[in-house]
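What follows is a single structure, written as structure tokens, with notes after it.
The values are calculated or read from the model by the stated rules, or taken from the named source; none is laboratory data. A quick note: this is a predicted structure, and the numbers were derived from the prediction, not measured. Note: ideal-geometry Cβ built from the backbone for every residue, glycine included; neighbour counts use all protein chains shown. With ligands, DNA and RNA removed, areas are computed over all heavy atoms of the protein, side chains included. Shrake-Rupley method; radii C 1.70, N 1.55, O 1.52, S 1.80 Å.
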Amino acid sequence: MTQVLRILIIDDNPGDRALTIRELRREFPQFQPQEIREASSFASALAAGEFDLVITDYQLGWSTGLEVLYTIKQQYPNCPVIMFTNTGSEEIAVEAMKSGLDDYVLKLPNRYIRIPAAVRLALERTEIKRRATLLEIRLQGLLNQLKLGIFRIYPDGNFIECNPAFLELLGLDSLSQASAMNLLNIHEYYSILQKLPPPQQQEQEIQLQRADGRFIWVGLSIALNTVEGQQVLDGLIEDITSRKQAEIEIQQLNQTLEERVRERTAELEVANRDLAQRNQELAVANQDLEAFSYSISHDLREPLRAIQAFGSILLENQDSESNLENQQNYLQRIITSTQQADKLVQDLLEYSRLSRTEMPLQPINLSLLMIQILRQLELEITQRQARVQVEEPLAEVTGNPTILIQVVTNLLTNAIKFVAPEVQPQLRIWTEKRNQLVRLWVQDNGIGIEETHHKRIFNVFERLHSYEVYPGSGIGLAIVRKGVERMGGQVGVESQPGQGSRFWIDLPIVIDVNP
Ligand code: ADP
């Protein structure tokens, strides 16, 4: 359907009106003219507003074309107005164009045909203007929806314009408040942009303080332009606070996560190391256990074999009476072997008990302890006519009395035992303070020990002599070492063959709580 084209023809001259209408009809079949001849019909047409374009003469009996133009543009700014006249000067034409006149056609015989073209042009131009306005409104709406703040500002910080979203974003009431508060710190951007090559533009994410003091993150895009010879900064800001906060949270989360992974890895490493150490200890313990069982069976078999051998001889010779002396001798040796086996088992039990029993520690007066031990050893001492010299006072130590008695007894027994038969055993006992430890020395004038054996004599069943020469189970020094270690100390020996030995044990000193 073709749209109706309604045009006001304002002209006092009926001939001119007819001519105009004829020309327009030719071009626009849907054309509907409304002829205006006096003020009243102009007023009612103006009130009704049912027209799309106005063609007016300049010289009217009741008004002028300029007046008509002003009135129309005032009420209908988008309505095109064309002046069709043979009067009026160039100044009037210029004045009219300035006031929004869309075209000016001279009333000359050969110019009538120009009217339709002028009308078409004016209508097209109005249509373009209308569309542009609509587009601008739509664009503005979209930008507001996007919450994009748009602004134009002079390099001195004075705002030229901005959209409502900009003011809302920064919590501002007006453009003048925006200029006064200088929230964007525009001078800084101006000096940066000035140094950039074209296009002088920059984009960045920054934190801004709003007019109410609240901080927000914005994506800022800013460009330096020249408008009518004047430098301006055109900018666009977008609120990215929630995204930025999410980013920061993720970053923090990542950091804590990394930290926790690091901590857990470190913990695992420590646990792994502990495990490896435990495994190693277990392997060593296993090896010890193997050697230990081997030694037990080996050492226990010795007296058992003797019992077996002498038992068999006795059985074979039980009828002959001549061998009575021999038989008694065999029986004696059987008894000795059972005693040896019994001592072995006893000592072993003692040793294994050492690893298992609770060992409460307490301050021990070594001088008093020594008197007690020497009393117990009186028989051995008298038998061997040993001389024991205790260098008083002996220091106090921290330990377990029962274990310590056993440890020191073993050391003293050995010191009396491992002395050449023709030599009188001479023992010297003293203590020495070393930092947090007390060293107890037991020195003898015995047969001495080669340096290569200094370590191994503290192991279970390590003996350097046959049972016949120096009887013993080979567990005495093992008990010494295990006992001292369980009390938090260490053991050792200094000795040379034929030069006597000096055994030592280190024990923790007594910590005085009330100095
Ligand atoms: P044993 O039951 O044989 O005494 P120990 O464990 O007490 O076992 O001692 C192990 C070995 O260390 C002894 O067989 C001996 O060869 C040597 N030994 C221990 N004490 C002394 C000492 N005071 N002088 C010389 N050798 C010693």
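General remarks:
- Spatially proximal lysines relative to Lys244 (Cα-Cα < 23 Å; intrachain offsets below 8 disregarded): Lys147
- Using the Stokes-Einstein relation with a Kirkwood hydrodynamic radius computed over Cα pairs, the translational diffusion coefficient of the chain at 25 °C and a viscosity of 0.890 mPa s comes to 68 µm²/s.
- Checking every one of the GluC sites (Glu not before Pro) in the range 17-87 against DSSP loop status and a limit of 16 other Cβ atoms within 10 Å picks out Glu38, Glu50.
- The trypsin sites (Lys or Arg not before Pro) of the range 391-472 that meet both conditions, a loop assignment by DSSP and at most 13 other Cβ atoms within 10 Å of the site Cβ, are Lys455.
- In Å, descending, principal axis extents of the Cα set of the range 63-109: 32, 19, 19
- Ordering Gly489, Asn410, Gly472 by the projection of their Cα atoms onto the charge dipole of the range 359-497, which places +1 on the Cβ of Lys and Arg and -1 on the Cβ of Asp and Glu, puts Gly489 at the extreme positive end.
- In degrees, nearest ten, helix 401-417 long axis to first principal axis of the chain (Cα): 50 degrees
- The angle between the Cα long axis of helix 65-75 and the longest principal axis of the Cα atoms of the chain comes to about 30 degrees, rounded to the nearest 10.
- Debye-sum result for the range 346-385 in log10 I(q)/I(0), which assumes one identical scatterer on each alpha carbon, at q = 0.29, 0.30 Å⁻¹: -0.87, -0.88
- Debye intensity ratio I(q)/I(0), log10, the range 314-432, q values 0.21 Å⁻¹ (C-alpha model): -1.22
- Note on the range 233-321: along the principal axes its Cα atoms extend 136, 17, 9 Å, ordered by decreasing extent.
- Accessible area of the range 299-385 divided out per residue, in Å², using a probe of 1.4 angstrom: 72 Å²
- For the chain, the longest principal axis of the alpha carbon atoms and the long axis of helix 39-48 meet at an angle near 30°.
- Amide H partners (placed H, <5 Å) of Gln32, local residues excluded: Leu5, Arg6, Ile7
- Distance histogram in 5 Å bins (all Cα pairs of the range 88-138, percent per bin): 5, 17, 18, 21, 18, 10, 6, 4, 1, 0
- Relative to the globular-protein estimate of 2.2 N^0.38 Å, the Cα radius of gyration of the range 126-275 stands at 1.54.
- In the chain, helices alone account for a calculated mean residue ellipticity at 222 nm of -17000 deg cm²/dmol, with every DSSP H run of four or more residues adding -39,500 (n - 2.57).
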